[in-house]
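> I have a structure here, written as structure tokens, and I will follow up with some questions on it.
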Amino acid sequence: MAQSIANWTGLRTEGRKQGPPFYTDADWGSGSGGLQITYVFQDPWGADDDTDIEYVYMHLWGLHGTSVLSAAQIADGWSAHINRFIWVSNERARALMSRGVLSPATGYISANTHSLRIDAQLTTEIYGALCPGMPEEALARAELPIATTSSSYATHAAQFYAVLYALATQVDPALSGREQSLWLVREARKFIPDTSKTADVCDFVLADFLANPDRNDWEATRDRVYARYQLNAAANGFIYRNWYESTVNFAGGVAALLY
């Protein structure tokens, strides 16, 4: 439910502020693209362009009697059900499948030039929900689905989210909300290679959050993420590709969880 609310609410501002001036808390309740920036609820709920792929994976588990899908099963499932309202790496992977290319080759950057984008980290969290308290099992089952549309640090971001979902049931309910979030981020970070750009993002956002004396000033962290990974990316040893790349979206996700 929370994921559906967040996905549909976020669509009202998605991609509208790719640089300063960004939205702030003051914009909540105002207009964006002819719609009010507020929570979106539906009855019944519709799928969106992220969870619909997760629903397909869940369908395939039942169809094939296994949660460890083969490359052929993934390709057949995508071919049957994932053909409209897909973009970027998902769209490219689907096109490659039509030519007979199977996972993980559909996520190789040599074949899929969008494999460093956000796609995989939005479509595979369900594997963490499938394996509560078992992050290693979640990663084992999600390995090929994640590789279907991602590579390198984008793969690591998707793995981070799957681990978060798996660990959610293990949070100590006696902790404060802040401490619960810190525990989740720190534990999931252990699964990311230290050399990954995703690790750099996680460490940067976490450090900035902890150094911020104002727990409500998420905008300050957002602005520093922009400065490090977008505006001054080259000076910091990075490449900024576009607003739907893995890096800046992952940074936003970690900051949102913490704040």
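> Just to be sure I understand, how many residues within segment 1-48 are touching a residue at least 40 places away in the same chain (Cβ under 8 Å), under 27 Å from residue 80 (Cα atoms) and not hydrophobic (A, V, I, L, M, F, W, C)?
Selection size over segment 1-48: 4.
> While we're on this one: Which one of these is surrounded by 13 or more Cβ atoms within 10 Å (Cβ to Cβ) and touching a Pro at 6+ places or on another chain (Cβ under 9 Å): 208, 223, 217?
Step by step, each of 208, 223, 217 is checked, and only 223 is surrounded by 13 or more Cβ atoms within 10 Å (Cβ to Cβ) and touching a Pro at 6+ places or on another chain (Cβ under 9 Å).
> Yes or no: segment 84-102 includes at least one residue that is in contact with a His (Cβ under 7 Å, 6 or more places away or on another chain) and closer than 13 Å to residue 246 by Cα.
We begin by selecting, within segment 84-102, every residue in contact with a His (Cβ under 7 Å, 6 or more places away or on another chain); these are 88-89, 92.
Adding the requirement that they be closer than 13 Å to residue 246 by Cα leaves 88-89.
For segment 84-102, residues in contact with a His (Cβ under 7 Å, 6 or more places away or on another chain) and closer than 13 Å to residue 246 by Cα: present.
> Name every residue in segment 228-248 that is open to solvent by 40 Å² or more (accessible area, probe 1.4 Å) and in a helix (DSSP H, G or I), in order of residue number.
Applying the first criterion (open to solvent by 40 Å² or more (accessible area, probe 1.4 Å)) to segment 228-248 yields 228, 231-232, 234-237, 239-241, 243-244.
Hits for segment 228-248 are 228, 231, 234, 235, 236.
> Do the conditions hold for residue 251, that is, is it without any contact (Cβ under 8 Å) to a residue 24 or more places away in the chain, within 19 Å of residue 18 (Cα to Cα) and open to solvent by less than 50 Å² (accessible area, probe 1.4 Å)?
In short, no.
> Among the residues that make up segment 127-147, is at least one of them surrounded by fewer than 18 Cβ atoms within 10 Å (Cβ to Cβ) and β-branched (Val, Ile, Thr)?
No - not one qualifying residue is present in segment 127-147.
> From 128, 133, 100, which residue is free of Cβ contacts under 8 Å to residues at least 60 places away in the same chain, part of a helix (DSSP H, G or I) and of a type in the set (Gly, Ala, Ser)? Can you show your working first?
Values: 133 fails: part of a helix (DSSP H, G or I); 100 fails: part of a helix (DSSP H, G or I).
Answer to the check: 128.
The values are calculated or read from the model by the stated rules, or taken from the named source; none is laboratory data. In this text the structure is predicted, and so the values were computed from the model without any measurement. Counting neighbours? That spans all protein chains shown, and the Cβs are built from the backbone with ideal geometry, glycine included. Accessible surface areas use protein heavy atoms only, side chains included; no ligands, DNA or RNA. Shrake-Rupley method; radii C 1.70, N 1.55, O 1.52, S 1.80 Å.
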